Amino acid sequence: MWDYSDTVKEHFFNPRNAGAVADSNAIGEVGSLSCGDALRLTLKVDPASETILDAGFQTFGCGSAIASSSALTEIIKGMTLDQALKVSNQDIADYLDGLPPEKMHCSVMGREALQSAVANYRGEVWSDDHAEGAMICKCFAVDEVLIEETIRANSLSSVEEVSNYTKAGGGCSACHEGIETILARVLTEQGRSFQPSAPPAKAPERQRVAIGMPLMPKRDQTSAPAEQPSASATVVAAVATAPPAISASVAPPPGSAALAAASPAATSPAAATANKAESGAKARPQLSNLARIRRIEQTIESIRPNLQRDHGDIELIDVDGKNVFVKMVGACSGCQLAAVTLEGIQERICEDLGELVRVLPEQAMAFAQRA
Amino acid sequence: MNTMSPTSMSSDQPNTGIYLDNNATTMVSPEVVEAMLPYFSEQFGNASSMHQFGDRVGRAIKTARQQVQALLGAELDSEIVFTSCGTESDSTAILSAIKAQPERREIITTVVEHPAVLSLCEHLEKDGYSVHRLEVDGQGRLDLAHYQSLLSEQVAIVSVMWANNETGTLFPVEQMAEMAQEAGVMFHTDAVQAVGKLPIDLKTTAIDMLSLSGHKLHAPKGIGVLYLRRGTRFRPLLRGGHQERGRRAGTENSASIVALGKACELAQAHLETERTQVAALRDRLEQGILDVVPNSFVTGDPSNRLPNTSNIAFEFIEGEAILLLLNKLGIAASSGSACTSGSLEPSHVMRAMGIPFTAAHGTTRFSLSRYTTAEEIERVIEAVPPVVAQLRKLSPYWDQDRPATEGQGHQASFQPAYA
């Protein structure tokens, strides 16, 4: 069974604003019968102030689709149209205390219905060219079309790169076989061959494990996601809880590219971290305690904006010898990928500090101190 | 007598629920639990050992093998190979057939098989095998003339399920096995849903291999059987020990084997119950619901199906929502909807039968067992119509008391932007 929050259950069992608004002047209809979801949103908008006076929904869909629709109508009532258009999928999911990742598309539908309704009110036609391929990565709802286009646009050649660009494969890793199949097909078409253990074609810093999660590159740096029709880009950005890549946007610390290049044999991120950190430790002088903690603080500060963009955040709690205790808050707390995030942060701190440290959630504090 | 109204029940209370999901898994019979328990404690020996501890377990396994043999109507008890589950039996059968006959590069199966067979075939396709998937008509039936035309010396194995897990529809596997035999082709059937619900007499058929799964017939999970007709060419999946005559290496799961033997004995004793009592309750449930709920219909082939299964499509609503509401009332069922599976895709069985999406997403499977009572069925008949009505009230495809597409004076139909 899905792990629905109590709020999701409450909005499913007792939906708010169900049914059509009687004297509505804006109607939005979206859906995909093949996925088993369809939604009609009716709004009553005050023409003078463009305020949404009333909202009603009718939904053909699963429990979370109904709950998301209910949440959406509650959120937007009383907003102006412009305010309502700023409601993100994450806002809907947050309102419901989270949705299972596989179910994020349910909240996407609510947002699209809203856009459609506003377009309807303004006499525009909202259309969605929803080109969808087979769902490959179920954790982040990434389909075959997006993966294939991203591989082509960026000449990707490994599963890891695909994860870094599209997030696909960054969760449970059950779809790695599927991603390899797509890679093999595209590469064969290009006259190349897929080698599972091949070092990536890109510069070493690209290969760095990005902070947090497998991240999407910045839109302006890669053509693929930018070329996506806006709606489907929304889908990806919405489903993905972590947008732009830090790996590309943060300049690598001096020497790290060279270090990475010097140890191409290091295949696992952990091994790479260890290698880099050990080499770094030899090169750098010992820091004073205060300077050390300041540097850790600086590193964490530089990471925070990226987490905040995903409605998450991190706080430094304590530094005890080799152990750095942090608190994950917002969307990061309870996130399936929190461990991956911590691993990425640990790697950054190790690099910036030039020594090996362990980044641990604050819950581990009592245990670590006893040990 | 239980006078509690269904709405007062909570799914959190143990043992108050009505379990109508027996095609997913079944309760382990109390007699079966009792039979297996000693094999966790005092009867711990390894059946292969040369001492009394092993010997006693070895004898118990022999008895269990004969109990399975009796239920399947196999000629010899040596034709029974214990495995870990139905999926292992399916994989063993198909992989054995292609390994033993490397020159044959084709496989015949159907579009509505269980993933245990379909995913394996898909995988073998990548290795260069040609897979013929027989299609089904609107009621889930096969075209045997087409099947006949595909049988050739190129075919390594035919693998066709005996009964469909979603609709209960039966395939004429006995006839198909004979057709395969005439063409000199090996025949395997996934009978996971059929064993224990239908009389089976393998010695009078041409079936070479058959898979069954313990937990579908009131034995525990983690035990299955591959029936292997004597003389069928075979290559083991697991090599290592001499267990199961070298056909399935690995120390015997003795407690579960004993349990499965007991479960088969009980199933055989209750075959008549399935045909009469279980089928009657199923029919009562189905009629009780169809009589009251408009725009609902039975999927599959009602005249030719398992006695315990009813798959009803409720148009214009979605299955997960139905299941969540039923669950709140303590009723457990299953759905062919996209959202329940975790795959986000609607059931391949419903799609293969050409069931429209508006109905496929609302298909709900009720699967009974010999433990289902008439009182439970009456409570479900009472509970289902309000659940359907509640969800239709929310559905954009539904208007008051009829589909929105039939409305008059309204914008004729609900037409979303990218349906």
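Here are a few things to note about the model shown:
- Any chance B:D291 is open to solvent by 20 Å² or more (accessible area, probe 1.4 Å), at pLDDT 95 or above and of a type outside the set (A, V, I, L, M): yes
For (1) under 28 Å from A:I136 (Cα atoms); (2) out of contact with any strand residue (DSSP E or B) (no Cβ under 9 Å at 6 or more places or on another chain); (3) open to solvent by 30 Å² or more (accessible area, probe 1.4 Å), each residue gets a yes or a no:
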position: B:R282; (1), (2), (3): no, no, no
position: B:L285; (1), (2), (3): no, no, no
position: B:I331; (1), (2), (3): no, no, no
position: B:S335; (1), (2), (3): yes, no, no
position: B:H348; (1), (2), (3): yes, yes, yes
position: B:F366; (1), (2), (3): no, no, no
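- Scanning the range A:65-98 for residues that are outside any helix (DSSP H, G or I) and open to solvent by less than 20 Å² (accessible area, probe 1.4 Å) yields A:V87, A:L96.
- Against the numbered list (1) away from chain A (no Cβ under 14 Å); (2) closer than 26 Å to B:G86 by Cβ, B:H348 comes up short only at (1).
- Residues of the range A:5-31 that are at the interface with chain B (Cβ under 10 Å from one of its Cβ atoms) and surrounded by fewer than 19 Cβ atoms within 10 Å (Cβ to Cβ): A:K9, A:F13, A:A18, A:G19, A:A20, A:I27.
- Every residue from the range B:100-119 that is in a helix (DSSP H, G or I), open to solvent by less than 20 Å² (accessible area, probe 1.4 Å), of a type outside the set (V, I, T) and in contact with a Ser or Thr (Cβ under 8 Å, 6 or more places away or on another chain): B:A116
- Matching option when the condition is surrounded by fewer than 19 Cβ atoms within 10 Å (Cβ to Cβ), on the phi > 0 side of the Ramachandran plot and at pLDDT below 85, among A:S223, A:S173: A:S173
- Taken together, B:L170, B:L212 contain a single residue that is under 13 Å from the mean Cα position of the chain (by Cα), surrounded by fewer than 24 Cβ atoms within 10 Å (Cβ to Cβ), assigned by TED's automatic domain parsing to the domain that holds B:C264 and closer than 23 Å to B:L120 by Cβ, which is B:L170.
- When residues of the range B:392-404 are limited to those that are open to solvent by 10 Å² or more (accessible area, probe 1.4 Å) and at pLDDT 90 or above, the one farthest from the other protein chains (Cβ to nearest Cβ): B:K393
- Qualifying positions in the range B:276-325 - within 14 Å of another protein chain (Cβ to nearest Cβ) and either under 19 Å from B:T26 (Cβ atoms) or charged (D, E, K, R) (or both): B:E315, B:E318, B:E320, B:L323
- Residue match in the range B:63-85 (condition: among the basic types (K, R), modelled with pLDDT of 95 or more and open to solvent by 50 Å² or more (accessible area, probe 1.4 Å)): no
- If you go through the range A:40-93 and keep only what is over 11 Å from A:A18 (Cα atoms) and within 12 Å of chain B (Cβ to nearest Cβ), you end up with A:F60, A:G61, A:C62, A:G63, A:S64, A:A65.
The values are calculated or read from the model by the stated rules, or taken from the named source; none is laboratory data. This structure is a prediction, so every number in the text was calculated from the model and none was measured. Quick reminder, even Gly has a Cβ in these numbers, built from the backbone with ideal geometry, and neighbours come from all protein chains shown. Accessible surface areas use protein heavy atoms only, side chains included; no ligands, DNA or RNA. Shrake-Rupley method; radii C 1.70, N 1.55, O 1.52, S 1.80 Å.
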